[in-house]
Amino acid sequence: MPPFYPTHDFGPAMKGMVIGGLGILHVFLAQFAIGGGMLLYYFQWLAERGREPDARRFLDGFFRVLVLVSFVLGAVTGVAMWLTTIQVGPRTIGLMVDEFHWLWAVEWTFFGVELVSGYLFYRYAARLPDRTRRILLAIYALAAWFSLFWINGILSWQLTPGRWLEGGGLWAGFFNPSFWPSLLFRTVVATTIAALAATVVINTMAELDRERRRRLITRAAHLMAPMIAMPLLGLWFFAVIPADSRAWLLGGSVPMTMFVAIAAGASLLVGGYAALGLLRQKLYVNGATATLLLALAFGATGAGEFVREGARKPFTVREVLYSNSIGRDEVAALRARGSVTDDPYPLAGADAALPPELALGAKVFRLQCSVCHTASGANGLAELTRTWTPTQLRMNVAMLQRTKGFMPPFAGPAAEVEALARWIESLHGAAPASDRPAASPAELAAIAAWLDEAGTEPAPFEVRP
């Protein structure tokens, strides 16, 4: 039987939306830090070679911004990510730690080296010779990138476990089919974000005249040149992900396709401006335009992360663990035993006073639905099901993976389907369950038949949206 964990209710905010919002901000800051290390090393090299007289002045000022933003906000959002994730998906995190704990320790080691080298540069760079400064920045940049290298393998494994599913072991899971396209794409994103942030910082250097600022902006824009590879890397990624995930993103779901378009469109706008305006014509970018470009990059990052997360549905670890943290191999047993039979945690708030059948439905919702849905808030079941008839509601829940192919199969018996349906109906203002007759044997038998027809496996690809 799957383990049970205490859960936290975020009210009208969907759990996935909370962790997604934190994740997008954290990823953006982390990629800024990674690209920032490369940018700083490049400007140190320019200063040593005498190719840019204002390189060192910019470098010292930009590093203070990097430290303040990535070391402080990045660290805070990183801790917040862990705290939120272990509340929303503790079993997913547990599986990832069990499988990759040593590699995660390596990632944390590189992160530690990044922090130490960054602090040393921040504290002592003004007193150090150029060669020592460059070595410190090289250590910082390499440590930051290798931190990405290790975490990328763990995250991409969730979508494309590859030969790990066949017993290939840790390294087969780590160097999975989407490892390299994801790593290279994120590296390009990191250098682009750093270059855009640099243009914002350069515009604050009022002590420099416009021409000197323009030269610095042109130098920073060199790190945006790799954006030319983004379309090929994106196509590579789409080629290696599962066919149903690819179909889900490229037309199978209008919202997901829209996010793909937003990510691609925002990247195209940034890349086009960089190629034509900054690299070819060497234009000056004022603070407003630089901020707008950085905001577009944030939008592209957010949409891209949404796409990466959505592509895994109905799984959180492909073919192993569903998005509600129920294992693929556990559904059949839960159909017989009940998904919340052994749930030791009481309901909270108003749900604590519910009559038994509605309380059972609330517990089923908490276990099987609450990661992606709320009762009446974001993606709320009250609105999603408001126009369904009672029979339609029960059939759609019982045949969940056929109702929506990106959802996991219902993991419980007919009685739990009925309890969940009555709990949802109570959200519509239906009469309390205590005032209504219990479901008849014939009604429960019909629900059981729908469950049997749907089966315990995810929807086959040909019937997924």
Subject >> Summed side-chain charge close to Val307 - residues other than Val307 whose Cβ falls under 14 Å, Lys, Arg +1, Asp, Glu -1 >> reply: +3
**OP:** Return the sequence-ordered ³J(HN,Hα) values of the stretch 320-325 in whole Hz as given by the Karplus equation 6.51 cos²θ - 1.76 cosθ + 1.60 applied to θ = phi - 60°, using x for Gly and Pro.
**Re:** 10, 10, 6, 5, 8, 6
**OP:** Would you pull out the residues with amide H under 5 Å of Gly327's amide H, same chain only if 5 or more places away, H placed 1.01 Å from N?
**Re:** Tyr322
Original post:
Any idea what angle helix 356-368 forms with the longest principal axis of the chain, computed on alpha-carbon atoms, 0 to 90 degrees, nearest 10?
Top reply: 30
**OP:** Using only the Cα atoms of the stretch 335-463, build the gyration tensor, take square roots of its eigenvalues as a ≥ b ≥ c, and label the shape rounded, prolate or oblate: rounded if a/c is under 1.5, else prolate if a/b is larger than b/c, else oblate.
**Re:** rounded
Original post:
With Cβ to Cβ distances under 14 Å as the rule, what net charge do the other residues near Phe28 carry (K, R +1; D, E -1)?
Top reply: +1
Original post:
Which lysines have a Cα less than 28 Å from the Cα of Lys404, not counting those fewer than 8 places away in the same chain?
Top reply: Lys15, Lys313, Lys363
Original post:
Nearest 20 debye, what's the magnitude of the dipole of the stretch 15-322 about its Cα centre given +1 on Lys and Arg Cβ and -1 on Asp and Glu Cβ?
Top reply: 840
Subject >> Cα lying deepest toward the dipole's positive end in the stretch 335-463, options Ala459, Ser339, Gly349, charges on Cβ >> reply: Gly349
Original post:
Once Lys and Arg get +1 and Asp and Glu get -1 on their Cβ, which of Val106, Val79, Ala125 lies farthest toward the positive end of the dipole of the stretch 59-153?
Top reply: Ala125
Original post:
Sorted by packing (mean other beta-carbon atoms within 10 Å per residue), highest first, where do 320-331, 340-351 land?
Top reply: 320-331, 340-351
Subject >> the stretch 122-220 - Rg over Rh from alpha carbon coordinates, Kirkwood radius >> reply: 1.17
Original post:
Quick one: Val285, Val240, fewest Cβ neighbours within 10 Å first, how do they rank?
Top reply: Val240, Val285
Subject >> Under the Karplus curve 6.51 cos²θ - 1.76 cosθ + 1.60, θ = phi - 60°, whole-Hz ³J(HN,Hα) for the stretch 112-127, x wherever Gly or Pro sits >> reply: x, 5, 4, 5, 5, 5, x, 5, 4, 5, 4, 7, 10, 4, 4, 9
Subject >> Average Cα contact separation per residue, the stretch 15-322, under 8 Å, 6 or more apart, as relative contact order % >> reply: 21
**OP:** Report, by chain and number, residues whose modeled amide H sits under 5 Å from the one on Phe315, excluding near sequence neighbours (fewer than 5 apart, same chain).
**Re:** Ser323
Subject >> Vicinal HN-Hα couplings computed from phi for the stretch 149-165 (Karplus, 6.51 cos²θ - 1.76 cosθ + 1.60; Hz; Gly/Pro x) >> reply: 3, 6, 6, 4, x, 5, 6, 5, 4, 4, 8, 10, x, x, 6, 4, 5
**OP:** Report P(r) for the stretch 140-185: all Cα-Cα distances, bin width 5 Å, range 0 to the bin holding the largest distance, values in whole percent.
**Re:** 5, 27, 29, 19, 12, 6, 2, 0
Subject >> the stretch 17-155, relative contact order [Cα under 8 Å, separation at least 6], % >> reply: 35
Original post:
Lys/Arg Cβ at +1, Asp/Glu Cβ at -1, dipole of the stretch 15-322 taken about the Cα centre: which of Thr192, Ile241, Gly21 is farthest positive-ward?
Top reply: Thr192
Original post:
Over all distinct Cα pairs, what is the inverse of the mean 1/r for the stretch 209-315, reported as the Kirkwood hydrodynamic radius in Å?
Top reply: 15.2
Original post:
Looking at the square roots a ≥ b ≥ c of the eigenvalues of the Cα gyration tensor of the stretch 1-150, which shape do they give, rounded for a/c under 1.5, prolate if a/b is larger than b/c, or oblate?
Top reply: prolate
Original post:
Between Lys404 and Ala448, what FRET efficiency comes out of the Förster formula 1/(1 + (r/R0)^6) with R0 = 22 Å and r the beta carbon distance, rounded to 0.05?
Top reply: 0.60
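Bear in mind these aren't lab numbers, they're just calculated from the coordinates by the rules spelled out. Please read all numbers here as calculations on a predicted model, not as lab measurements. When we count neighbours, we look across all protein chains shown, and the Cβ atoms used for this are built from the backbone with ideal geometry, even at glycine.
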